[in-house]
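The structure appears right after this line, and notes come after that.
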Amino acid sequence: MSTAHVQQIVHSPPAMSANANTNNVINPAAVAHNVNILSSVHFLSACFSGAAAGILGLTNFSGFLLFFVSLLFSALCVSTFRCGGHPAQYLSDGGWELVKPTQDTVFGFILLWTLFYGIVHVYD
Amino acid sequence: MQSQIDLFAEFCHRRDGCLCLFLSYIHHSSSMASATSLYLDPSIRDWVLFPISLVMILVGVLRHYVLLLLQNKPKPQTRPQIREQRALTRSQLLRATAAHSPLAPPFYHTISQNLKQAFTDSVYLKDGPPAPKKVTKGGTDSDEPEFPQAPSLFSDPSQMDNMMAQFKTQTVVMIPQMVIMGWVNFFFSGFVAIKLPFPLTLGFKPMMQRGISTPDMDTRWVSSLSWYFLNFFGLNGVYRLLLGNEDTGVDLQQMTGMPNMATTSPAVPQDYNKLFKQEKENLEFDEGFYKWIGEDVEDRVLRKYGKLPFV
């Protein structure tokens, strides 16, 4: 995996770029890099929370609740520790990507949840 | 209080009968009439769930490398082609900065004039200017006085190559999935494989319990084909983690056979002759906006330090 440092996407300080064309101050490579890292973090946190939900034997809504709690928790951690509390400077749409679950994430969670639930609670 | 009825739902003789499934319905006779629980044979876990997941992960990795092998490098562009594109880029750069141009007026106007002249004579076209008298670069006789039409998507051989590559990619993505699905269907059908931790509506029952003819069973108990589908959707992230973050070619749009034309199709062939004509007009238009950033700079500096009165 590439380096796990998020990069600031704004080339110049926002004060300077205020009068310039705002489309040109965002570095697309850095945005893509950050989104990649974020999706990895989300997927891993979804996998671990899925395994936890399965082992704990959560069913129905409590499992999905754990998923959203872990999603929010990882988003909070990323925005606090990696983005210095200003996620809007690192993500293109004002930091909403931090809490937006992707399809891969949701299905990864369900997969691990089902697997561990089956292993621990269904067989034998 | 509890009467335990063991019943064989399925008796599979594959794998020497070790995959037989003992369904034990425990009827809680007290209050809940149909709160049933099933105990599944652990060998289902060992010989069905794990093999399916393992095979799918390994096939995904293999597919990634096969796709890498199939990717042929984009052909290097010839020098005239690059020159054609760069001329356009240069003109666009010039225009984009015209309102605060760092170029002094003589330079700006010279460059602008030169580009306009070049666009008019179309010296930058990759096939050379279309004048019938001039001999083009490859020594070929220029019989066609007219500009060649923009190549259509199907006539250009390089475009055909691209479409062929796309087709190959799709085949490599689709075929293993079909094979695995057939494998799961053939060997692992007809018994309950796992219980989902969340309920599904009854609409899923024919799909998730295909081959299990127990009309009263809860929809949470699903067959191995459902486990295959869970893997199919859930392993994309695993592939990404395993194989690095670049596109593994397994995104869902390709899976479903609908290639995303906007991203997968290569650059559409463009009629540079038309583009040049348009660019020439744009250049003329933007000359009106041109303003040198260093205009009156002496006065501005002097005013800044108070040597000249403000106006």
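The values are calculated or read from the model by the stated rules, or taken from the named source; none is laboratory data. Fair warning: this is a prediction, and the values are worked out from it, not measured in the lab. Counting neighbours? That spans all protein chains shown, and the Cβs are built from the backbone with ideal geometry, glycine included. Note: areas computed on protein heavy atoms with side chains; ligands, DNA, RNA excluded. Shrake-Rupley method; radii C 1.70, N 1.55, O 1.52, S 1.80 Å.
Roughly speaking, what is the stretch gain from A:T80 to A:I26, that is 0.36 nm per residue apart minus the C-alpha to C-alpha distance, in nm to one decimal? The A:T80-A:I26 span can extend by a further 17.3 nm. Of the residues B:K73, B:K304, ranked by 1.4 Å probe accessible area with the largest first, the sequence reads B:K73, B:K304. The A-B contact accounts for approximately 2500 Å² of buried accessible area, totalled over both chains at a 1.4 Å probe radius. On the basis of the beta-carbon distance and an R0 of 60 Å, A:S62 and B:I82 show a calculated FRET efficiency of 0.50.
Protection proxy ranking of B:275-287, B:182-194, by the mean of other Cβ atoms within 10 Å over each peptide's residues and highest first, is B:182-194, B:275-287. Each label point was placed 7 Å from the Cα along the Cα-to-Cβ direction; for B:W183 and B:E295 their separation is 7.2 nm. Just the protein heavy atoms count here, and of the accessible area of segment A:42-124 at 1.4 Å, carbon and sulfur take up 74 percent. The largest accessible area among A:F116, B:F232 belongs to the first residue in A:F116, B:F232, and the rest follow in falling order (1.4 Å probe, all chains). A probe of 1.4 angstrom, applied to the heavy atoms of all protein chains, finds B:M181 with accessible area near 70 square angstrom.
When the pairs B:K116/B:K277; B:K75/B:K116; A:K100/B:K195; B:K75/B:K168 are compared against a 20 Å limit on Cα-Cα distance, B:K75/B:K116; A:K100/B:K195 fall above it.
B:D161 exposes around 80 Å² of accessible area when a 1.4 Å probe is run over every protein chain in place. Here B:R90 and B:D271 are evaluated by their C-beta separation; at R0 = 25 Å the FRET efficiency comes out at 0.85. The calculated FRET efficiency for the pair B:T171 and B:T214, based on their C-beta separation and a Förster distance of 35 Å, comes to about 0.35.
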